[in-house]
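Contents: one structure, followed by commentary.
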Amino acid sequence: MKPAALIALIETNGLSEKTLTVERNAFLKQAGTCDTQIYFVEEGSLRVFVVDDLEERTIRFGYKNNILVSLDSFLTGAPSDFVIQAIKKTRVKIIPKERFMQFLNQDENHLRLWVGILEDLVIQQIEREKDLLTASPKERYERVLKRSPQLFQEIPNRHIANYLRMTPETLSRLKKS
């Protein structure tokens, strides 16, 4: 679904409960908490990460016109290890699960929309797994650049480097070549 269509859908159906501003480096979600809300990023940027042996491992980003959700927690209602942190001052529309589920159950087209969103998330996750299995830093960089060129305009290099499992210096060299 195109961002403009998604924005219109959120607005016309009154899906968002409120708008929240998250200051730079502040947390939208902490590890070990349950979060069943959907976040629509109006402006700014966020990162989703887990902590592994005291090291942060970035797994996803969200920026303008993206939807971000702690999907495991959203689906199960259980706590998640995911952390969501603002990279820069960010404004998100909050869509509570209950309201979203009511919306889905109102119309078969809404259910198809949800299936489409889930399919997109699965494809993104498969692409991410391929990135993680790709041994060459150059290949990982080129795959992500081709798939998400906007990422390199919205997200600082140090976070992209973490996402790509390389040092910021390596990323800098790859971007120059």
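Things to note:
- 24 Å Cα-Cα reach of K64 towards lysines, excluding residues that sit fewer than 8 places from it in its own chain: K2, K18, K29, K88, K89, K93, K97, K146, K175
- Relative to the longest principal axis of the Cα atoms of the chain, the long axis of helix 108-133 makes an angle of roughly 10 degrees.
- Split the chain at each of the GluC sites (Glu not before Pro) in a DSSP loop with at most 16 other beta carbon atoms within 10 Å, and the longest piece is 24-177.
- Sequence of S136, S70 once ranked by neighbouring C-beta atoms within 10 Å, starting from the fewest: S136, S70
- Relative to the dominant Cα principal axis of the chain, helix 3-12 is inclined by about 30°.
- Against the main long axis of the alpha-carbon atoms of the chain, helix 137-147 sits at an angle near 30°.
- Mean-position separation - Cα centroids, region 23-52 and region 129-168, in angstrom: 20 Å
None of the figures in this text is laboratory data; all of them are computed from the coordinates on show. None of these values were measured; they are calculated from a predicted model. FYI the Cβ positions are ideal-geometry reconstructions off the backbone, even for glycines, and counts take in every protein chain you see.
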